[in-house]
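Chemist: To start, I am sharing the structure in question, which I have written as structure tokens.
The values are calculated or read from the model by the stated rules, or taken from the named source; none is laboratory data. Just so it is clear, the structure is predicted and the values come from calculations on it, not from any experiment. Don't worry about glycine lacking a Cβ; one is built from the backbone with ideal geometry, like all the others, and counts go over all protein chains shown. We work out accessible area using only protein heavy atoms, side chains counted, and drop any ligands, DNA or RNA first. Shrake-Rupley method; radii C 1.70, N 1.55, O 1.52, S 1.80 Å.
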Amino acid sequence: MKTDVQEFIAIGLGPFNLSLACLAEPIADLDGIFLERNTEFSWHPGMLIDNATLQNPFLADLVSLADPTSRFSFLNYCKAEGKIYSYYFRENFYLKRAEYNAYCRWAAAQLSNVRFSCDVQEVVHDLENGCYVVTGVQGPQREPFVLRCRKLVLGVGSRPVFPQCCEPAEHRFMHAADYLANKAQLQQKRSITIVGSGQSAAEVFHDLLKEADAHDYSLTWITRSPRFFQMETTKLTLEMFSPDYIDYFFHLDEQKKERIVRTQDSLYKGVNASLINQIYDLLDDKRNEGRLRTHLITNCELQGCRYDAAGDGYDIEFRQLDCETRYAHRSEGVVFATGYRENIPPFIDGIRHRLRWDEKGRYRLARNYAADFDGNEIFVQNAGQHTHGMTNQDLGMSCYRNSYILRELTGVEHYKIERRIALQDFAIPATADFVRL
Ligand SMILES: Cc1cc2nc3c(=O)[nH]c(=O)nc-3n(C[C@H](O)[C@H](O)[C@H](O)COP(=O)(O)OP(=O)(O)OC[C@H]3O[C@@H](n4cnc5c(N)ncnc54)[C@H](O)[C@@H]3O)c2cc1C
């Protein structure tokens with residue numbers, strides 16, 4: 001590898017940094033590289049369940065919302081792969097997740113600025129030379145590498161979260177993130193419990209329910225939520241995924257932001273309506289056929305989960321929140337679909353002192369997504385729900401954020417950055433019609 005100083009190094013190649021890589025590729029003289037520890041692009045492989053789809057229409061691909069003429073668009077992928085007419089006839093805007101993964105791999109394969117099998121282990125700042133030194137191991141032999149850059153873009157994704165009562169535990173509980181790798185083993189069990197009620201929980205429950213008779217297990221689905229609620233997708237609500245809302249949210253004080261995020265579960269944590277309906281129909285079919293062996297229980301907070309090695313099963317304790325009553329439940333298998341949290345990677349330790357942190361140990365990001373004190377050196381993808389709001393993890397806002405980051409990296413607005421797209425006002429309009437009292 002070269003040892004000269006790159007303008008930037010981006011660490012991690014999920015959809016967000018891959019989008020940045022596609023948008024950076026055509027910019028002449030922009031010297032940046034993207035490092036990914038996996039051997040190839042792989043988007044949440046544990047959840048590439050048959051027929052699961054993206055929650056966004058295909059226009060939320062890697063590039064189109066920044067540059068619809070980009071050769072890395074989903075439509076260009078369809079054309080190149082001979083699929084464009086079938087896509088046209090299908091009239092389905094929601095890509096299967098497996099198709100999105102294949103599209104991302106196609107895009108990654110054409111990029112000259114990405115390097116797979118590069119596991120970043122340490123980043124330090126070289127004060128004398130005014131650059132960052134990125135070190136790690138690469139390739140199957142895990143040989144060391146050293147690279148230098150002026151700026152960094154962190155795109156290391158999020159990490160699975162378990163309920164507090166599971167931590168610390170010697171036993172390795174199963175998270176939905178690892179579902180497919182463990183599915184066959186899970187289906188050997190006689191009883192399986194799914195905890196959580198977001199999109200992932202619903203997908204795992206539906207997938208297991210479809211095959212329950214063939215494998216002869218019972219299913220229990222437990223959630224703390226008061227109902228199996230739907231992800232809101234009406235259009236005036238979707239407008240909250242906009243630069244307008246980010247600007248509004250960003251300037252609120254930190255405590256208000258926390259409070260608002262807590263009220264926004266249905267914007268990003270619920271289940272899409274069509275999946276809820278499919279689950280309902282399947283449950284009803286099974287009941288009519290006398291084959292229903294399920295329990296769906298809301299309002300229940302997990303208070304304990306212990307693996308009993310002797311009996312190879314789990315002793316679960318939960319509390320019914322309305323009745324304030326505790327229950328015990330035994331299950332041979334448990335899947336935790338209990339979400340993800342921002343990932344602060346260990347390699348950050350060497351530059352921790354250059355970063356701004358909040359009281360909860362999260363990055364305190366500036367409006368331009370920079371986390372460093374100077375506000376123009378270390379940019380962070382997908383770790384700013386508390387600063388920029390729930391658009392943080394949304395694929396539909398990836399092009400917007402990356403256009404912004406590219407402008408900050410280069411000083412030039414290579415892709416038009418929309419300032420206002422919403423038909424509504426999130427802040428009170430500064431016009432004579434509205435007088436502040
Ligand atoms: C199952 C699932 C489905 C989702 N579906 C949608 C959806 O339909 N629509 C939507 O808007 N959002 C969706 N999301 C939310 C979000 O958009 C995705 O999580 C998205 O993958 C986030 O992309 P990312 O680039 O931040 O991280 P990731 O996709 O997690 O990628 C991070 C990458 O960084 C690499 N990495 C980490 N550490 C290092 C290191 N030290 N060195 C080198 N590489 C490293 C990892 O190997 C990984 O490849 C979904 C989330 C999940 C879990």
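Chemist: Using the Karplus curve 6.51 cos²θ - 1.76 cosθ + 1.60 with θ = phi - 60°, what ³J(HN,Hα) values do you get for each residue of the range 159-172, in whole Hz, with x for Gly and Pro?
Modeler: 10, x, 10, 10, x, 3, 5, 8, 10, x, 9, 6, 7, 8
Chemist: Measure of size requested: the Rg and Dmax of the range 124-270, with Cα atoms as the atom set and Å as the unit; please supply both.
Modeler: Reported Rg and Dmax, both Å: 21.9, 66.
Chemist: Ordering Glu167, Glu301 by how much accessible area each has at a 1.4 Å probe, largest first, what is the list?
Modeler: Greatest to least solvent exposure: Glu167, Glu301.
Chemist: With every protein chain left in place and a probe of 1.4 Å, what is the accessible surface of Ile260, to the nearest 10 Å²?
Modeler: For Ile260, solvent-accessible area is about 40 Å².
Chemist: Here's another thing I want to ask about it. How many angstrom lie between the Cα centre of the range 175-222 and the Cα centre of the range 225-282?
Modeler: A separation of 25 Å, based on Cα centres.
Chemist: Compute, for Phe145, the solvent-accessible surface of its heavy atoms (probe 1.4 Å) with the complete set of protein chains present, and express it in square angstrom to the nearest 10.
Modeler: Phe145 exposes around 10 Å² with every protein chain in place.
Chemist: Normalised by the empirical 2.2 N^0.38 Å for globular proteins, what value does the Cα Rg of the range 279-374 take?
Modeler: 1.77
Chemist: Taking a 1.4 Å probe, which of Cys323, Cys165, Cys300 shows the most accessible area, and what order do the others take after it?
Modeler: Solvent-accessible surface, decreasing: Cys323, Cys165, Cys300.
Chemist: Treating only the Cβ of Lys, Arg, Asp and Glu as charged (+1, +1, -1, -1), what charge dipole size does the range 271-326 show about its Cα centre? Round to the nearest 20 debye.
Modeler: 100 debye
Chemist: For every helix of n ≥ 4 consecutive DSSP H residues, a contribution of -39,500 (n - 2.57) applies; sum these over the chain, divide by its total residues, and give [θ] at 222 nm rounded to the nearest 500 deg cm²/dmol.
Modeler: Helix-only estimate at 222 nm: -7500 deg cm²/dmol.
Chemist: Follow-up. Would you kindly find the accessible area of His295, with a 1.4 Å probe and non-protein molecules such as ligands, DNA and RNA excluded, rounding to the nearest 10 Å²?
Modeler: Probe radius 1.4 Å; accessible area of His295 about 120 Å².
Chemist: If you average the C-alpha positions of the range 334-372 and of the range 1-54 separately, how far apart do those two centres end up, in angstrom?
Modeler: 19 Å
Chemist: So, with a 1.4 angstrom probe, what is the percent of accessible area on the range 42-139 that is carbon and sulfur?
Modeler: 53 percent
Chemist: Related question: Quick one: which of Lys96/Lys151; Lys257/Lys360; Lys235/Lys286; Lys79/Lys416 span more than 24 angstrom between C-alpha atoms?
Modeler: Exceeds cut-off: Lys96/Lys151; Lys235/Lys286; Lys79/Lys416.
Chemist: Further, regarding this structure: Could you state the accessible area per residue of the range 267-393 in Å², with a 1.4 Å probe and every protein chain left in place?
Modeler: Here the per-residue accessible area is 49 Å².
Chemist: For the pair Leu127 and Tyr88, how long in nm is the line joining their label points, each one 7 Å along Cα→Cβ?
Modeler: 6.2 nm
Chemist: Follow-up. For the charge dipole of the chain, defined by +1 on Lys and Arg C-beta atoms and -1 on Asp and Glu C-beta atoms about the Cα centroid, which residue among Val380, Leu147, Val435 has the Cα displaced farthest towards the positive pole?
Modeler: So the residue furthest toward the plus end is Val435.
Chemist: Tilt of helix 97-109 relative to the longest C-alpha principal axis of the chain, in degrees (0 to 90, nearest 10)?
Modeler: 20 degrees
Chemist: Accessible area per residue of the range 145-246 at 1.4 Å probe, in Å²?
Modeler: Counting only protein heavy atoms, the per-residue value for the range 145-246 is 45 Å².
Chemist: Using r as the Cβ-Cβ distance of Ile428 and Glu232, and R0 as 25 Å, what FRET efficiency do you calculate, to the nearest 0.05?
Modeler: After rounding, the FRET efficiency stands at 0.60.
Chemist: Let me see the P(r) profile for the chain: every Cα-Cα distance counted, bins of 10 Å, each bin given as a percent of all pairs.
Modeler: Going out from 0 Å in 10 Å bins, the chain shows 4, 19, 28, 26, 17, 6, 1, 0 percent.
Chemist: Further question on the same structure: Among Phe89, Gly157, Leu54, flag the residue with its Cα farthest along the positive direction of the charge dipole of the range 54-209, charges on Cβ as +1 for Lys/Arg and -1 for Asp/Glu.
Modeler: Phe89
Chemist: Using the alpha-carbon atoms, what tilt in degrees (0 to 90, nearest 10) does helix 398-410 show relative to the longest principal axis of the chain?
Modeler: The angle comes out near 30 degrees.
Chemist: Residue by residue, what Karplus-based ³J(HN,Hα) values in Hz, rounded to whole numbers, does the range 50-56 have, using 6.51, -1.76 and 1.60 with θ = phi - 60° and x for Gly and Pro?
Modeler: For the range 50-56, the Karplus curve yields 3, 6, 5, 10, 5, 8, 10 Hz.
Chemist: Got a sec to turn the phi values of the range 351-363 into Karplus ³J(HN,Hα) couplings, 6.51 cos²θ - 1.76 cosθ + 1.60 with θ = phi - 60°, whole Hz, x for Gly and Pro?
Modeler: 10, 3, 5, 8, 10, 9, 10, 9, 5, 9, x, 9, 4
Chemist: Report, by chain and number, residues whose modeled amide H sits under 5 Å from the one on Cys131, excluding near sequence neighbours (fewer than 5 apart, same chain).
Modeler: Answer set, sorted by chain and number: Asp126.
Chemist: Placing unit charges on C-beta atoms (Lys and Arg positive, Asp and Glu negative, everything else neutral), compute the dipole magnitude of the range 192-269 about its Cα centre in debye, rounded to 20.
Modeler: The dipole of the range 192-269 has a size of about 300 debye.
Chemist: State the answer as a single residue: which of Ser200, Cys131, Thr234 lies farthest towards the positive end of the charge dipole of the chain, with beta carbon charges of +1 for Lys and Arg and -1 for Asp and Glu, about the Cα centre.
Modeler: Of the options given, the answer is Thr234.
Chemist: With no solvent and one equal point scatterer per Cα, compute the Debye intensity ratio I(q)/I(0) for the range 363-437 at 0.15, 0.16, 0.17, 0.18 Å⁻¹ and report its log10, rounded to two decimals.
Modeler: Ignoring solvent entirely, the Cα scatterers give -0.63, -0.69, -0.76, -0.82.
Chemist: Next question. Under a point spin-label approximation (7 Å from Cα along Cα-to-Cβ), what is the Val412-Asp349 distance to one decimal in nm?
Modeler: 4.0 nm
Chemist: Heavy atoms only, 1.4 Å probe, whole protein assembly: order Tyr307, Tyr400 by accessible area, highest first.
Modeler: Tyr307, Tyr400
Chemist: Once fully extended, how much extra length lies between Leu59 and Arg159, figured as 0.36 nm per residue of separation less the alpha-carbon to alpha-carbon distance?
Modeler: Value of the extension gain: 33.4 nm.
Chemist: Given charges of +1 on the Cβ of Lys and Arg and -1 on the Cβ of Asp and Glu, with all other atoms neutral, how large is the dipole of the chain about its Cα centre, in debye to the nearest 20?
Modeler: About 280 debye.
Chemist: How many Å³ per residue does the convex hull of the Cα positions in the range 35-172 occupy?
Modeler: That works out to 194 Å³ per residue.
Chemist: While we're here: Which residue, Gly350, Gly384, Gly157, tops the fluctuation ranking in a GNM of the chain built on C-alpha contacts under 10 Å?
Modeler: Gly350
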